[in-house]
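Inspection log for the structure reproduced underneath, given as structure tokens.
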Amino acid sequence: MRRLVLVALTIGMGIGVARAAEVRVDSPNDPNALALEQKVRQYIETDQNYQAAVTAYAQAARANPTVQYYRDQFALLRSVAKMQAALASETVPEKWKAYADAVRVYHYSKGYYQAALAVDQAAQAKFNDPSFAIRKIETLLLVGQDAQVQPLVPSLSQAAPAAVPARWRTLRPVVLAHTGQADQALAAVANLQIDAKTTPASLFDLARVYKASAKVDEALNCLRMFLEHTVPTEMATSRNMIILCADFRDLHDQAAFKTVLTTESKVAQSGCTGGSSCSSCSLKGKCSSSK
Amino acid sequence: MRNTRHIFQGLFLVLVLTGVFVFRKNLEVWCPFGGVECLSLYLHDGKMLCALGASNFFILAAILLLTLAMKRVFCGYMCPVGTVAEAMRCLAKKCGIKPLSPAPAVDRVLSLLKYVILAGVLWGTFAATDLIARHGDPCFAMIGSGTNEAVPRTAFVVLGLLVVASLFVSMPFCRWLCPFGAVLNIFSRVGLTRVHRDAGTCINCGRCSKACPMKIEVAKSASVSEARCLTCGECLLVCPVDKTLTWRFLDRRPIEHPGRWIAAAIVLCVAAAVTAARVVPLPTFINARDVERPAVVAEHSLMVEGVTCSGSARQLVFFLDRSDEYAVPGYLRVLTSPGPALVAVRLQYDPSQTDPNVLTDAIVEPYYDAAEGRWRSSPFRVEGHDPLTGF
């Protein structure tokens, strides 16, 4: 009997070791991977050569068959590249908007704001409505092209309040702060009620306003809350926004800033990783993949 | 007979424990009660729940047949919860703890509880499209670790209570609470084999009633028709008068060596269920698109990795229902049986509107979920399809 138990345990341990060896890497952080990311960024933002970027990921995926990250990035970018190309020829407005949306979300997730700006500019030129104007302003402020923001402001200020997305209430103070009107910006956000659940990016705007007024602690607190209210799948996007935003560049060496960047999301979201049950998923009732 | 029973009980318990804790297998797919829980949903919309599969139906059918033939043999010989309960009572007996026996009237009322629980579980499972019984299922506490998900604490609490209660009461869960016992009772009532008492030779010593773990009054019956009889044979073993208690098929002549017959029947039923699960391709997830069926329907079969459960099969449908560059205009139906590793997925489609390559692309390409404003990478891999081809 003892021998049987020992044999069973040995087999079990063997299987465990074999499985551990098969574990796939989800996100690489070695120098080669970072160099690849830089290369892809250059292909997309500078050269606007999506094909080269897709090929770069494909080569990395081939060279590292156990790293799922490269395969995912390859598949993702290939779809984005198709949609980016479709923007030039798509004639159905709703489809065009959907493609623009998808491409912009990708660019934001990777921090490719110049590429996102090109999409925002095309969308604003095509539809000229407040929501696209706000998107364009958001990206312009992120890439530091403040001068181009001013011409867009009057149309938003004159538009009917119902037609202007809620985000404008916090983005406008950022515009003020960026044009040297920090006090007015601070006054504009003084009694603002922010619904962090529906528009967590408003907290990011608020942090920029506080930072412009040298209220670093308040700014960091807003950034922390911004990350806490970001859904888990958007954390990379939000962290990129904080890191790449010029407003916070002088804080990069501060320990408090680094701590903020480690903040985890407090929003429940379906992981949908293909487990054996949806019963433990807090969002199963709302999940678009379940009925 | 007792030896046969203990060998089977030990064998099944060891199989379950090593399967779950050593080989990390999802043994829930072999739980017959899973078949009961999912039957109404499966008949209603062709979908099983979680990672349950056709094997649940096959083992359920095998055990119901076994019950029709030999009453609740499953409970007495195979169920790990019953084994644990019996082991606890045995331990208590060795420690000198006397069993508590509720009055017959109380016992009768308590034994109705399992029917109430069964009704609640069936209604709740159908209404919630979720395996709600898991929250209070002592068996899930034992096998749940192999299902790659958290076992509810309440299931462990119920298992703990069951272990403690079994020290003082003989098989309380099996007698009063087990909803699967309630299902089996319906079939066990017409059980074709029964214990018979020859009133002419019986000396009315009452040992048989005392020995019965289910507290059946064997000494007062001409033939044990009680549905809860486990066919454990304890009454036959303790009877001091030869041939007074006998095990008979359809009230005919006594069957010699009942242990061998029972062992053969169990092995046969389990083997039949395992074979059927391997041979019969019963889809446990069927999803039909709400579109008009064309005159010509084509089918594309592919082996897909990642369709591990009902939820991930729904995710597969989500990818097929996409509305982006990879939209599939003519897909009609998905038929699959979720499980670990590669599973066969049959896709029915209108060949005038789409082709197999488009279907494959829809499954493996990432999808922009406009409702949530995020990209979803496909968790699926199609055998023989390499997205990197050409790069």
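What shape does the range B:332-384 have by the C-alpha gyration tensor, where a ≥ b ≥ c are the square roots of the eigenvalues, rounded means a/c under 1.5, and otherwise prolate means a/b greater than b/c and oblate the rest? It is oblate, given that a/c is not under 1.5 and a/b is not larger than b/c. Excluding same-chain neighbours fewer than eight residues apart, the lysines reachable from B:Lys98 by a Cα-Cα span under 18 Å are B:Lys210, B:Lys215. Ordering B:Gly35, B:Ile143, B:Leu268 by Cα displacement along the dipole of chain B toward the positive end leaves B:Leu268 in first place; charges were set at the Cβ atoms of Lys, Arg (+1) and Asp, Glu (-1).
Over 30 Å apart at the Cα level, from the set A:Lys110/B:Lys47; A:Lys39/A:Lys97; A:Lys126/A:Lys258; A:Lys110/A:Lys197; B:Lys93/B:Lys114; B:Lys71/B:Lys220, are A:Lys110/B:Lys47; A:Lys126/A:Lys258. Compared with the dominant Cα axis of chain B, that is its longest principal axis, helix B:153-168 is turned about 10°. Computed with a 1.4 angstrom probe on protein heavy atoms, the A-B interface buries about 3700 square angstrom of accessible area in total. Projected label points at B:Ala272 and A:Ala166, each 7 Å from Cα along the beta carbon direction, are separated by 6.2 nanometres. The Cα atoms of the range B:208-270 give a gyration tensor whose axes a ≥ b ≥ c have a/c of 1.5 or more with a/b greater than b/c, which makes the shape prolate. Helix B:80-94 and the longest principal axis of the Cα set of chain B meet at an angle near 30°. Per residue of B:321-328, other chain Cβ atoms within 10 Å of the residue Cβ number 3 on average. The residues of the protein assembly as shown have, on average, 48 Å² of accessible surface per residue, using a 1.4 Å probe with all protein chains present.
For the range A:140-246, the carbon plus sulfur part of the accessible surface works out to 55%, probe radius 1.4 Å. Each Lys and Arg Cβ is given +1 and each Asp and Glu Cβ -1; about its Cα centre, chain B then shows a dipole of about 2740 debye.
Positive contributions from Lys and Arg (+1) and negative ones from Asp and Glu (-1), summed over other residues with Cβ under 14 Å from the Cβ of A:Asp146, come out at +1. Dipole check for the range A:56-110: with +1 at the C-beta of Lys and Arg, -1 at the C-beta of Asp and Glu, and the Cα centre as origin, the magnitude is about 140 Debye.
Counting, for every residue in B:305-316, the Cβ atoms of other protein chains within 10 Å of its Cβ and taking the mean gives 5.
Around the Cα centre of the range A:159-213, unit charges on the Cβ atoms of Lys, Arg, Asp and Glu (plus for the first two, minus for the last two) sum to a dipole of about 100 debye. Select from B:Gly200, B:Val238, A:Tyr57 the residue farthest towards the positive end of the dipole of the protein assembly as shown; place +1 on Cβ of Lys and Arg, -1 on Cβ of Asp and Glu, and compute about the Cα centre. Toward the positive end, the furthest listed residue is B:Gly200.
Counting Cβ atoms of other protein chains within 10 Å of each residue's Cβ and taking the mean over peptide A:104-117 gives 1. Estimate the FRET efficiency between B:Ala298 and B:Leu342 by the formula 1/(1 + (r/R0)^6), using the beta-carbon distance for r and 30 Å for R0, to the nearest 0.05. Taking R0 as 30 Å, the efficiency between B:Ala298 and B:Leu342 is 0.85.
Separation of the range A:160-197 from the range A:47-121 is 31 Å, based on Cα centroids.
Taking a ≥ b ≥ c as the square roots of the eigenvalues of the Cα gyration tensor, the protein assembly as shown is classed as prolate, since a/c reaches at least 1.5 and a/b is larger than b/c. Would you please state which residues of the range A:131-170 a label at A:Thr198 would reach in this model, taking the label point 7 Å out along Cα→Cβ and a backbone N cut-off of under 15 Å? Only A:161-170 fall inside the zone, counting backbone N under 15 Å.
Counting only DSSP H runs of at least 4 residues, each contributing -39500 (n - 2.57), and dividing by the residue count of chain B, the helix-based mean residue ellipticity at 222 nm comes to -14000 deg cm²/dmol.
The values are calculated or read from the model by the stated rules, or taken from the named source; none is laboratory data. It should be emphasised that the depicted structure is a prediction, and the values quoted were computed from it without experimental measurement. In this analysis, Cβ positions are derived from the backbone assuming ideal geometry, glycine residues included, and neighbour counts consider all displayed protein chains. Ligands, DNA and RNA are stripped out before the accessible areas are found, and what is left, the full protein with its side chains, is counted by its heavy atoms. Shrake-Rupley method; radii C 1.70, N 1.55, O 1.52, S 1.80 Å.
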